[in-house]
1. Sort 107-113, 57-63 by packing, meaning the average of other beta carbons within 10 Å per residue, with the highest value first.
2. Rounding to the nearest 20 debye, state how big the charge dipole of region 34-111 is about its Cα centre with +1 on each Lys and Arg Cβ and -1 on each Asp and Glu Cβ.
3. Please list, in order along region 57-62, the HN-Hα scalar couplings obtained from phi with the Karplus expression 6.51 cos²θ - 1.76 cosθ + 1.60 (θ = phi - 60°), rounded to whole Hz, x for Gly and Pro.
4. Read phi for every residue in region 97-109 and hand back ³J(HN,Hα) as whole Hz from Karplus 6.51 cos²θ - 1.76 cosθ + 1.60, θ = phi - 60°, with x for Gly and Pro.
Amino acid sequence: MAWALDYAKVRQQFGKPIGANQSIAFMLAQGHVDVEASRLYTYHAAQRWDSGAAIKDIILDVSSAKLFVTQAVYRVTQNALHIGGGWGITEELPVMRMALDALVAPVTVGSYEIQLRVIANQLGLPCDCKAELMKTPHRYLRPVAGLFRMCDTHADKKKPKKTPSTRTEAT
């Protein structure tokens, strides 16, 4: 996101920065919202996890965060590639690596469909995943640490002070 924003400010096209074009400006504005919302959603889920709440009580928060963040990561990186044009897809810039990471994010933290099934179940809607979910709820929570890395790995702002987890359950 930071690279795309900087690039949009300095890359000139038709005598003006490309960031002056509404479509590019809106992509960057949406990217900012996605990054900040992902960070807040992830920290909220982490706070619930660290609070020691029962896993069954935090599944909705964690699955919702995982779904939103993986979708946001994909949107932000695809827009950064679009803004960078041909230069954005070269290996000399980190944007291409981030975009490739975003493509596999749903695989590493659970597919969109699995997260939606878990969320629907937690909302009390009929869902065929209930039996599996209740047998091994920790399975759906384990990859949450990957979300924290996705939000913070490429963060260009100060991060909140991290506190060690007080959680004693196996993750």
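Bear in mind these aren't lab numbers, they're just calculated from the coordinates by the rules spelled out. Remember, predicted model here, so these are calculated numbers, not experimental data. Note: ideal-geometry Cβ built from the backbone for every residue, glycine included; neighbour counts use all protein chains shown.
1. Working: 107-113: 15.7, 57-63: 20.4.
Final packing ranking: 57-63, 107-113.
2. Working: 6 positive and 8 negative charges, 37 e Å.
Taking the Cα centre of region 34-111 as origin, the dipole is about 180 debye.
3. For region 57-62, the Karplus curve yields 8, 10, 4, 4, 5, 5 Hz.
4. In residue order, the calculated couplings are 4, 5, 5, 5, 4, 5, 5, 8, 3, x, 6, 7, 10 Hz.
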